[in-house]
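The structure appears right after this line, and notes come after that.
The values are calculated or read from the model by the stated rules, or taken from the named source; none is laboratory data. The shown structure was predicted, so the numbers you read here are calculated from the model rather than taken from an experiment. A quick note on method: Cβ atoms are made from the backbone with ideal geometry, for glycine too, and the neighbour counts reach across all protein chains shown. Quick note on the areas: whole protein, heavy atoms, side chains included, nothing else; ligands and nucleic acids left out. Shrake-Rupley method; radii C 1.70, N 1.55, O 1.52, S 1.80 Å.
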Amino acid sequence: MKRKLLILLVLLCFLSFPVLAQEKTKKELKADRELQKQKEIETLIDSKNFVFEAQKVTPQGGRMLNLDYNTYFLKFNTEKTTCDLPFFGRAFNVAYGGDGGIKFEGIPENIKIEKKKKSINVKATVKGKDDVYTLYFNVFFDGGATLSVNSNNRASISYDGEIEAPKADENKK
């Protein structure tokens, strides 16, 4: 009886070995995917050519709001930065009849990139038609990002979203 129990125990040990090996392989695959994503994000930021798509917005002194449609963006490029983001909050000096959003085109200046342990910080200043915008990106290696926009005529506002490469037809514009 003891011999059968011992054989059964040894057999169970050998059968569980491949399962443990598979688990390690799954973990290695996940780590490889995360490392690959991190390299893609670093390459995007170093190229200074990426698109931020806003998913949530947090106005100063307000609560977080989900943005239902993925139509709000900031296309960052060293030649031309284009922004179309909603604005909720206090405006100090805005043109009469404006739509209320943060919309501008301009050339970014004073671009500073700072790599940290788990994220990359990007700071830039863009002069729009009626205002000067200071952009603060905090980009995480999984592609998630936060964007804080400060301007002379409005209260600061933050957006949560994702960073991705611009589509091929956007590069031509």
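As for the stretch 23-41, it holds at least one residue that is modelled with pLDDT of 80 or more and in contact with a strand residue (DSSP E or B) (Cβ under 7 Å, 6 or more places away or on another chain). Of all residues in the stretch 108-125, those that are over 16 Å from N150 (Cβ atoms) and either touching a Ser or Thr at 6+ places or on another chain (Cβ under 7 Å) or polar (S, T, N, Q) (or both) total 1. Return yes when N110 is on the phi > 0 side of the Ramachandran plot and at pLDDT 90 or above and no when it is not. Considered against the rule, which asks whether it is on the phi > 0 side of the Ramachandran plot and at pLDDT 90 or above, N110 comes out as yes. Every residue in the stretch 55-70 that is outside any strand (DSSP E or B) and farther than 21 Å from T82 by Cβ, please. Across the stretch 55-70, the qualifying residues are Q60, G61, G62, R63, M64, D68.
Hey, any hits in the stretch 42-54 for a residue that's open to solvent by 100 Å² or more (accessible area, probe 1.4 Å), on the phi < 0 side of the Ramachandran plot, outside any strand (DSSP E or B) and at pLDDT below 90? Checking the stretch 42-54: not a single residue is open to solvent by 100 Å² or more (accessible area, probe 1.4 Å), on the phi < 0 side of the Ramachandran plot, outside any strand (DSSP E or B) and at pLDDT below 90.
With the structure loaded, tell me whether K112 is open to solvent by 60 Å² or more (accessible area, probe 1.4 Å), in a strand (DSSP E or B) and in contact with a strand residue (DSSP E or B) (Cβ under 9 Å, 6 or more places away or on another chain) or whether it fails that test.
Yes: the conditions hold for K112.
May I ask you to list the residues in the stretch 141-159 that are surrounded by 17 or more Cβ atoms within 10 Å (Cβ to Cβ) and not aliphatic (A, V, I, L, M)? Listed by number, the residues that qualify are F141, T146, S151, R154, S158, Y159. Being modelled with pLDDT under 90, assigned to a strand (DSSP E or B) and open to solvent by 30 Å² or more (accessible area, probe 1.4 Å) is true of K103.
Residues in the stretch 121-137 that are surrounded by fewer than 17 Cβ atoms within 10 Å (Cβ to Cβ) and assigned to a strand (DSSP E or B): 7 in all. Against the list (1) touching a residue at least 60 places away in the same chain (Cβ under 8 Å); (2) closer than 23 Å to T71 by Cα, the condition Y133 fails is (1). Among the residues of the stretch 133-157, the ones that are in contact with a Lys or Arg (Cβ under 9 Å, 6 or more places away or on another chain) and among the hydroxyl-bearing types (S, T, Y) come to 3 in all.
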